[in-house]
Amino acid sequence: MATNFMAQQRAPRIPGEVGMWAFIISDLSVFSLYFITFLFERSQNREAFQTGSHALHLTMGVINTLVLLTSSLFVALAAQALRGGYGSVAQKYILAAIAGGLTFVINKPIEWIEKVHAGLGPHHDNFFQLYFMMTGLHLLHVVVGMVVLFYLWRLAGRVKSAPSERQLRFLENGANYWHLVDLIWLVLFALFYLVG
């Protein structure tokens, strides 16, 4: 009987709730349709897409990628700290993740404004239409994710020892959403900045 209890304790589980995973899968499905559209449009007009990709600043794309990857690392560290009952440590990690999200939120419109001023707005061609639409939708996800991170920061401040099951689930759902935001950006970065 003790062996059975130990086996139950070690049994791996998927973090978060089924509803959040259903949302993540449906959101990835929608973005997948956009990715397929991008690839189809690119196959129809390779030259315009290559020119558009070269007009983007790879350095800015790399900075945004590193910012989001680092932010996801901080979210993972916050989750680990909160599971251990270190709410104040988790809060610091979450603040660092929010700072990463804020950096992205500031950088992306700067990049957009520069493109519009150079005459490369959404009406320029299919590449830039897809670029503004898809990165804009992603930016909306980042803003929603920052709101979620703010609530995680507040939750972490209330944890003085081990988190309750409900607190842990909320943390895992929020972390999963933030990692979704990161994953979507990685694909967008590859499609817009690297494929050309």
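The values are calculated or read from the model by the stated rules, or taken from the named source; none is laboratory data. Note that the structure is predicted; figures quoted are calculated from it, not measured. Quick reminder, even Gly has a Cβ in these numbers, built from the backbone with ideal geometry, and neighbours come from all protein chains shown.
Within the bounds of the stretch 34-44, is there any residue that is in a helix (DSSP H, G or I), polar (S, T, N, Q), surrounded by 19 or more Cβ atoms within 10 Å (Cβ to Cβ) and at pLDDT below 95? It would help to see each step written out before you state the result.
Kept after step one, since they are in a helix (DSSP H, G or I), are these residues of the stretch 34-44: 34-44.
The next check asks that each one be polar (S, T, N, Q); those that pass are 37, 43-44.
Filter once more, keeping what is surrounded by 19 or more Cβ atoms within 10 Å (Cβ to Cβ): none.
No - not one qualifying residue is present in the stretch 34-44.
Here PHE31 fulfils each of the conditions (1) aromatic (Phe, Trp, Tyr); (2) under 15 Å from the mean Cα position of the chain (by Cα); (3) surrounded by fewer than 16 Cβ atoms within 10 Å (Cβ to Cβ) apart from (3).
Contact map, the stretch 47-58: residues that are within 9 Å of PHE127 (Cβ to Cβ) paired with residues that are part of a helix (DSSP H, G or I) and acidic (Asp, Glu), Cβ distance under 8 Å, separation 6+ or inter-chain. Pairs shown: PHE49/GLU41.
Against the definition (in contact (Cβ under 8 Å) with a residue 24 or more places away in the chain and under 19 Å from the mean Cα position of the chain (by Cα)), how does ALA162 come out, yes or no? Here the answer is no, as ALA162 does not meet what is asked.
Do you know which residues across the stretch 162-196 are of a type in the set (Ser, Thr, Tyr) and either part of a helix (DSSP H, G or I) or within 15 Å of GLY136 (Cα to Cα) (or both)? Walk me through how you get there before you give the answer.
Our first condition is that a residue be of a type in the set (Ser, Thr, Tyr); within the stretch 162-196, this holds for 164, 177, 193.
Selection gives TYR177, TYR193.
Being touching a Lys or Arg at 6+ places or on another chain (Cβ under 7 Å), over 24 Å from ASP27 (Cβ atoms), modelled with pLDDT under 90 and not aliphatic (A, V, I, L, M), is that true of even one residue in the stretch 83-92?
Within the stretch 83-92, one or more residues are touching a Lys or Arg at 6+ places or on another chain (Cβ under 7 Å), over 24 Å from ASP27 (Cβ atoms), modelled with pLDDT under 90 and not aliphatic (A, V, I, L, M).
Looking across the stretch 105-164, the residues that are among the hydroxyl-bearing types (Ser, Thr, Tyr) and within 25 Å of VAL67 (Cα to Cα) come down to TYR131, THR135, TYR151. Check whether at least one residue in the stretch 132-150 is surrounded by 13 or more Cβ atoms within 10 Å (Cβ to Cβ) and assigned to a loop (DSSP other than H, G, I, E, B), and report yes or no. Looking for residues that are surrounded by 13 or more Cβ atoms within 10 Å (Cβ to Cβ) and assigned to a loop (DSSP other than H, G, I, E, B), one finds none in the stretch 132-150, hence no. Would you check which residues across the stretch 87-102 are without any contact (Cβ under 8 Å) to a residue 40 or more places away in the chain, farther than 18 Å from HIS141 by Cα and not aliphatic (A, V, I, L, M) and list them? Matches in the stretch 87-102: LYS92, TYR93.
Among the candidates SER72, SER26, SER53, the residue that is out of contact with any Leu (no Cβ under 6 Å at 6 or more places or on another chain), over 23 Å from GLY174 (Cβ atoms) and at pLDDT 90 or above is uniquely SER53. The residues of the stretch 162-180 that are modelled with pLDDT of 90 or more and either within 13 Å of GLN80 (Cα to Cα) or touching a Pro at 6+ places or on another chain (Cβ under 8 Å) (or both), listed by number, are ALA175, ASN176.
Any residue that is over 27 Å from PHE38 (Cβ atoms), out of contact with any strand residue (DSSP E or B) (no Cβ under 8 Å at 6 or more places or on another chain), assigned to a helix (DSSP H, G or I) and touching a residue at least 40 places away in the same chain (Cβ under 8 Å) - is there at least one of those in the stretch 107-130? I'd like the intermediate steps shown before the answer.
Taking the stretch 107-130 and keeping what is over 27 Å from PHE38 (Cβ atoms), we get none.
No, there is no match, as no residue in the stretch 107-130 is over 27 Å from PHE38 (Cβ atoms), out of contact with any strand residue (DSSP E or B) (no Cβ under 8 Å at 6 or more places or on another chain), assigned to a helix (DSSP H, G or I) and touching a residue at least 40 places away in the same chain (Cβ under 8 Å).
Considering (1) in contact (Cβ under 8 Å) with a residue 60 or more places away in the chain; (2) among the polar types (S, T, N, Q); (3) within 14 Å of LEU149 (Cβ to Cβ); (4) surrounded by fewer than 17 Cβ atoms within 10 Å (Cβ to Cβ), the lone condition that SER71 does not fulfil carries the number (4). Being modelled with pLDDT of 95 or more and under 23 Å from LEU194 (Cα atoms) is a description that applies to GLY100.
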